[in-house]
Amino acid sequence: MPATSFPREDIKILLLEGLADSAVRTLKNAGYTQIDYRDGSLTGDDLKQAIADAHIIGIRSRTQLTQEVFDHARRLMAVGCFCIGTNQVDLEAAEKKGIPVFNAPYSNTRSVAELVLAEAIMLMRGIPAKNMACHRGGWMKSAAGSYEVRGKVLGIVGYGHIGTQVGVLAEALGMQVIFHDVEPKLALGNAQPASTLDDLLAQSDVVTLHVPDTPATRRMIGVTEIRAMRRGAMLINASRGTVVDIEPLAEALKDGHLAGAAVDVFPKEPKANGEAFESPLVGLDNALLTPHIGGSTQEAQVNIGGEVASKLIRYSDNGSTLSAVNFPEVQLPEHAGSRRLLHIHENRPGMLSAVNEVFSGSRVNIDAQFLQTRGSIGYVVIDIDADAQGANAMRQQLAALPGTLKTRLLY
Ligand SMILES: NC(=O)C1=CN([C@@H]2O[C@H](COP(=O)(O)OP(=O)(O)OC[C@H]3O[C@@H](n4cnc5c(N)ncnc54)[C@H](O)[C@@H]3O)[C@@H](O)[C@H]2O)C=CC1
Ligand SMILES: O=C(O)C(=O)COP(=O)(O)O
């Protein structure tokens, strides 16, 4: 195993939110032994204290990594989001500190899509209310308000990885798929783009949301949009709780404007199992509520554990940042025979020449150099022919350059 800047067993890894065993196994197999594994999420001072000495942190969707938290993370070099969404991380704050953030963009896509399809069927059959009635000793045997999904219109808002999967599965059941996205998208199967969001809302029997949490999607489904949906239509939200205004949704379910809703994500979610869940939707028989488990399947979690842990290891061992969400992406070859210097800096004119200046004044030979910039940061990787001491001296000179955010040396 090639040596890294300091021994792998000295690299402290904090894993929160009960990540799958595959994450721990992958890290241990690569030689990382200092793993602080915790089942729940952390907040406030507990999080700041726990992250203070960590070199790598792994989280899921609950842990909020804010600017303030990053300010306490003195040694942090990488973040792994063991999920799709990265809205829980202040990506700009991470970027400004030279910390790449990795996620698993596809590993739970199918799990969410399957749940959504099942929910579409459940809602069209009025199962949430019938199930509740049975639990209360009632019997609601009736075809009133119960429909097949075949031939019905499914409106997908956000036609990305999950949205397209939902569309393909829904067509297999004979649904007619329309979609709305802010980007031009290749329509799969017989899906058709709606001309506007309003057009989609007006046409759909079931509307399902698959947009990320962004300033533009926050409360994008408010009272106006809910009332623009067809009377008796259904709404599914397995995206983020911020996307739907929950009070008007509760009202529409109570007054029958909407016949049902399936909601997996909420504006306020408990931080851990066992903490009380509160929502205006609680107690409504036509609301199918799930505790943010769209991506919580064995298959998804095992795959995510291996995928994100591997990305963190590659960055730690080799410097590669492929598929980082906030960082210049560099896919690097092995560096056997060379010492590798990583220099993360503010992306401003003259940085590269300042870096090269350091080498032109030295007797150190450069074997290879890679540069990539993105947004406000630049990332230079320099493979050099030097002994450990010489390489470390070069690293110190690079670290002293104005505009430097972080340097690392891989032996
Ligand atoms: N409930 C759960 O457990 C899970 C929830 N999610 C959520 O689902 C979201 C979507 O995931 P993916 O499909 O993988 O993401 P994606 O990035 O592949 O697709 C999102 C789509 O939304 C579109 N979009 C963005 N802003 C929009 C707007 N204002 N109006 C209309 N369309 C807009 C994008 O152009 C893109 O096509 C994630 O960001 C995450 O928040 C993801 C996994 C599990
Ligand atoms: O992948 C995502 O974005 C999700 O929402 C799933 O998050 P989780 O891993 O269940 O906390």
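We did not get these values from a lab; they are worked out from the coordinates using the rules stated. Note that the structure is a prediction, hence the values are computed from the model and not measured. Cβ placement follows ideal geometry from the backbone for every residue including glycine, while neighbour counts extend to all protein chains displayed.
Annotations for the structure displayed:
- Here the mean projected area of the convex hull built on the C-alpha positions of the chain is 22.0 nm².
- Amide H to amide H distances under 5 Å link LYS406 with ILE344, where only residues 5 or more positions off or on other chains count and H is placed in the peptide plane.
- Bridges between two residues of the chain, per DSSP, are antiparallel at a rate of about 40%.
- Above-threshold pairs, the threshold being 30 Å between Cα atoms, out of LYS48/LYS185; LYS152/LYS254; LYS28/LYS406: LYS48/LYS185
- Relative contact order, percent, the range 328-410 [alpha-carbon distance under 8 Å, six or more residues apart]: 44 percent
- Label-point gap, in nm, between GLU269 and THR66 - each point 7 angstrom along Cα→Cβ: 1.8 nm
- The range 264-411, relative contact order [Cα under 8 Å, separation at least 6], %: 22 percent
- Take every Cα pair under 8 Å whose residues are at least 6 apart in sequence, average their separation, divide by the length of the range 166-247, and the relative contact order is 27 percent.
- With a Förster radius of 41 Å applied to the beta-carbon distance between SER360 and GLU92, the computed FRET efficiency rounds to 0.75.
- Of the trypsin sites (Lys or Arg not before Pro) found in the range 139-204, those that fall in a DSSP loop while having at most 10 other beta-carbon atoms within 10 Å are LYS141, ARG150.
- Between SER376 and LYS141, full extension at 0.36 nm per residue minus the direct alpha carbon distance yields a gain of 78.5 nm.
- Rh by Kirkwood over Cα pairs, then Stokes-Einstein D for the range 328-410 at 1.002 mPa s and 20 °C, µm²/s: 169 µm²/s
- Shape of the range 228-380, Cα gyration tensor, a/c cut at 1.5: prolate
- Near ASN103, the amide H atoms lying under 5 Å from its own belong to CYS81, VAL325; only residues 5 or more places off or on other chains count, and H is placed 1.01 Å from N.
- Karplus-based coupling profile of the range 76-84, in residue order and whole Hz: 4, 10, 7, 10, x, 8, 7, 6, 8, with θ = phi - 60° in 6.51 cos²θ - 1.76 cosθ + 1.60 and x standing for Gly or Pro.
- Considering the range 20-76 at the alpha-carbon level, its Rg and Dmax are found to be 11.9, 33 Å.
- GluC sites (Glu not before Pro) lying in DSSP loop within the range 193-292, provided at most 11 other Cβ fall within 10 Å: GLU275, GLU278
- Placing dummy labels 7 Å off each Cα toward the beta-carbon, the span from LEU322 to GLU183 is 2.0 nm.
- Residues whose amide H comes within less than 5 Å of that of PHE179, counting only those at least five positions distant or on another chain, are ILE156, GLN192, ALA194 (H built at 1.01 Å from N in the peptide plane).
- Stretchable slack from ASP10 to GLN331, in nm (0.36 nm times residue separation minus alpha-carbon distance): 113.1 nm
- At full extension, TYR106 and VAL168 could sit 20.8 nm farther apart than now, given 0.36 nm per residue minus the alpha carbon distance.
- Looking at the range 265-371, the trypsin sites (Lys or Arg not before Pro) that sit in a DSSP loop and have at most 15 other Cβ atoms within 10 Å of their own Cβ are LYS268, LYS271, ARG363.
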